[in-house]
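Following: one structure in structure tokens, then a few remarks.
Just so it is clear, none of the values below were taken in a lab; they were calculated from the coordinates. None of these values were measured; they are calculated from a predicted model. We place every Cβ from the backbone using ideal geometry, glycine too, and count neighbours over all the protein chains shown.
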Amino acid sequence: MFNFLNSAVLIAAAAALIPLLIHLFSRRRVKIVPFSSLKHLKEMQKRQVRRIKIRQLLLLVLRMLIILAAVLAFARPATRGGYIGSHAGVSGVVLLDKSASMQRQVKDGALFDLAKTKSGEILKNFGQGDELLLIPFDRQAYFPAGEQFFSREVAENILKAQTAGFDSGNIGEAYKKGLEMLARAKNLNKEFYLISDFQANSLPAAPESLPGNISLYLAELPVETDGNCGVAGVNLGGQLIEVGNEFAVDAEIRNYDNRAKNEQLASLFIDGTRVMQSEFQIEAMGKQTVQFKHTVPTAGFHSGWVEIGDDAYPPDNRYYFTFRIPEQFNVLIVNGDGSGNLVRLALVPSEELNRYWSVKIIPPEALSSVKLNDFEAVVLAGVADLGAVETLQLQRFMDDGGGLFFILGANIKAEYFNDNFGSKTDLNIIKPAPKAFSGAGYYSLERLDYAHPVFKAFAQFQKENLPAIKFYALPTLKEGPHCRKLAYFSNGSPALTEAGFGAGRMIVMTAPLRPEYSDLAAHSFFVPLVIRTMEYLAGAESSYELKNYVGDKVTRTVSSKVSRAEAAELIAPDKSVYGIAGSEKGDEITYDCHPIEIPGIYQLQSDGRVIDIFPANVAESESDLTAAGPEQVAKALGIKKYAVLLYGRPSGAVVTEARYGRELWKVFLWAAVILLAVEMILAREKEPESDEP
């Protein structure tokens, strides 16, 4: 059975009729004239005419066969079997897994190196007339030479340049892309090769259907799943990290091995220095938390990682994190009812512990003589009202990026607050908190917005109950639909609200803070609440980063006070430098940081100084090295028919059996040449002049 690889040329086979048509239209009609004296020559004439007709008929057939053979040669016929000619052209796609799990070490060496060796062996099955596409992949598919097929030589050069990466794998996405490319291929033979450790958690949930005309091969590699133990994550517990105060780092270790591990060692590194070690043991397929404690002597950006001993899979033996302690910031407290002293003590308990807050406290009447631009945040603690000049001064301060913490006292004048701040906060005071109350009952604090930066440090209260904080009297408020509430009282009214003022922010605490109105200041909850609020309003909250992964699209936001959007550089852990553009919105600048290709600590710099740092880690999914078998892979990818290329055995024989047999265009071309030669020999014989009857 023939398959024509260039079947459109078969239309030209009609040209084989041209010699026949020429022969039919060029026959001469002979008029017979009897001539008595030549009658004895009739027998000789009959023999000559018969010989001429046979030769002309043979030439006619030869000329038709020459044209037909030439047309068939250009149509590129191929058979499913046979041993003559060259094999039919092949279009092949080779998917090479370069995800982090391919970095493991096995008995025969590095798994990715073994995968490259197998890929090179597969490439040798392709000839000069074939076309290839080598697609390295992890979470995405890569096209080093563009989305086009190329020669074996180009594929071999691309293969040499490949190294295993640190991103997670996605076989399904690469498989889908490979099928799309094969659909564009020109050759009749189409082959698909998958070279991977076939990590079970990298298989797609929904299969892609494989067309029936594609031969698919799964390359076997010597995957070994036992032995791995990794750092799955780091938890800083939502704590407030301060200079000189001890903080805890909890590292979660996971054992992916079927054997327990004893006398293992974990180390904590801070700013590149090993500061603590801890021994641990872990059950087979188990989890273990290792806790470290440390202090840092300075504010600013800090980085660290937890590291365990080497094993067969190095990428998950470290887990990176970063944290930041703000530099010293200036806070102005306008003390209207005495509660400002409680805020000052929360920020600066004593001069010896004055770490990074510089606090100035004044009475309301002194506000007009203060230059607000010298401060990052202002606290109005129980202030009844302010003059028009002072109020305008505060509003301009917030418009320029400053933060205001307004603690409503029992003496607040509702008209003053509603006229100057009500429209921005979408909150109005109907009646201030009463000055006389029994104190028999109380309201409690509840429903915190844990996604807000102020309350991220209190995430443990999502699983535990908030402390029983009592508020004995509350104001009567009217809230609009755009009032952003950060916390509620037990009666459903807002306890903390936030509003934006130009480039700045304003947070309102609706209940008085004085001890006769609330016991909030007596709780351990109060100090971190005040510090987090002031850090947020000053645009310098202490923070830490744990959850960025290699290959992620990382977006970083910094204050416009510390950066210029047009001058940012991303410094990768290997010291590579990438220029990135920022987009400014209000008092913040957002940077899309890329590429994030290796694990470690990344820095953002502007004008030669660090404006932000963040970590990147290998995804935990890559630590589970469990491999899927060929049947599981085929089911996940929607494959009904496939062949396995066994590790350690040549792939040539398996591939040859599955290909279309042989391509016969050379046979037909030689046939046309031979027929042409025979025709030329016959045509050179001199024909005696004769008339056809």
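By the count of other C-beta atoms within 10 Å, a proxy for reagent exposure, Ile407, Ile270, Ile430 are ordered fewest to most as Ile430, Ile270, Ile407. With the charge dipole of the chain set up from +1 on Lys and Arg Cβ and -1 on Asp and Glu Cβ about the Cα centre, the Cα lying farthest toward the positive end among the listed residues Pro77, Pro512, Leu675 is that of Leu675. Counting 0.36 nm for each residue step from Arg396 to Asp592 and taking away their Cα separation leaves a gain of 67.5 nm.
Stretching Leu546 away from Leu21 to a fully extended chain increases their span by 180.5 nm, per 0.36 nm per residue minus the current alpha-carbon distance.
Stretching the chain fully between Asp271 and Glu121 yields a gain of 49.4 nm (0.36 nm per residue, less the alpha carbon separation). Simple point charges give the picture: +1 on the Cβ of Lys and Arg, -1 on the Cβ of Asp and Glu, and for the chain a dipole about the Cα centre of about 5480 debye. Under 5 Å between amide hydrogens, built in the peptide plane, is the criterion, and for Ile596 it picks out Gly551 among residues at least 5 positions away or on other chains. Shown here: log10 I(q)/I(0) by the Debye sum over Cα atoms at q = 0.05 Å⁻¹, derived from the displayed model; of the candidates (1) -0.29; (2) -0.46; (3) -0.22, it corresponds to (2). Calculated from the alpha-carbon coordinates, segment 572-617 shows an Rg and a Dmax of 11.1, 33 Å respectively. Of the residues Phe149, Ala377, Tyr442, the one whose Cα sits farthest toward the positive end of the charge dipole of the chain, with +1 on the Cβ of Lys and Arg and -1 on the Cβ of Asp and Glu, is Phe149. Ranked by the mean number of other Cβ atoms within 10 Å per residue, highest first, peptides 674-684, 329-339 order as 329-339, 674-684. Cut-off under 26 Å on the C-alpha distance; same-chain residues fewer than 8 positions from Lys431 excluded. Which lysines are left, in chain and number order? Reachable lysines: Lys413, Lys470, Lys478, Lys485. For the chain, the relative contact order comes to 17 percent (Cα pairs under 8 Å, sequence separation of at least 6). Of the residues Trp305, Tyr319, Val243, the one whose Cα sits farthest towards the positive end of the charge dipole of segment 229-326 is Val243 (charges of +1 on Lys and Arg Cβ, -1 on Asp and Glu Cβ, taken about the Cα centre).
Between Tyr578 and Glu327, the modelled labels are 2.7 nm apart [label points 7 Å from Cα along Cα→Cβ].
Averaging the sequence gap over all C-alpha pairs within less than 8 Å and six or more residues apart, then dividing by the number of residues, gives segment 329-537 a relative contact order of 23 percent.
Sorting 158-170, 294-306, 436-448, 254-266 by their mean Cβ neighbour count within 10 Å, with the most densely packed peptide first, gives 158-170, 294-306, 254-266, 436-448. The Cβ shell under 10 Å around Tyr319 holds other residues with a net charge of -3, Lys and Arg each +1, Asp and Glu each -1.
Normalised by 2.2 N^0.38 Å, where N is the number of residues, the alpha-carbon radius of gyration of segment 329-537 equals 0.96. With the simple model of a label 7 Å out from the Cα in the direction of the Cβ, Asp449 to Lys287 spans 3.0 nm. Taking the Cα of Ala260, stepping 7 Å toward and past its beta carbon, and measuring to each backbone N in segment 283-319: which are under 17 Å? The answer is 283-289. Ranking of Met285, Met506, Met64, Met102 by neighbouring Cβ atoms within 10 Å, starting from the fewest: Met285, Met64, Met506, Met102.
For the listed residue pairs Lys177/Lys641; Lys287/Lys547; Lys107/Lys640; Lys641/Lys666; Lys287/Lys635, the alpha carbons are over 21 angstrom apart in Lys107/Lys640; Lys641/Lys666; Lys287/Lys635. Looking at segment 294-375, the trypsin sites (Lys or Arg not before Pro) that sit in a DSSP loop and have at most 12 other Cβ atoms within 10 Å of their own Cβ are Lys371.
Taking other Cβ atoms within 10 Å as a rough exposure proxy, Tyr313, Tyr647, Tyr544 sort from fewest to most as Tyr647, Tyr544, Tyr313.
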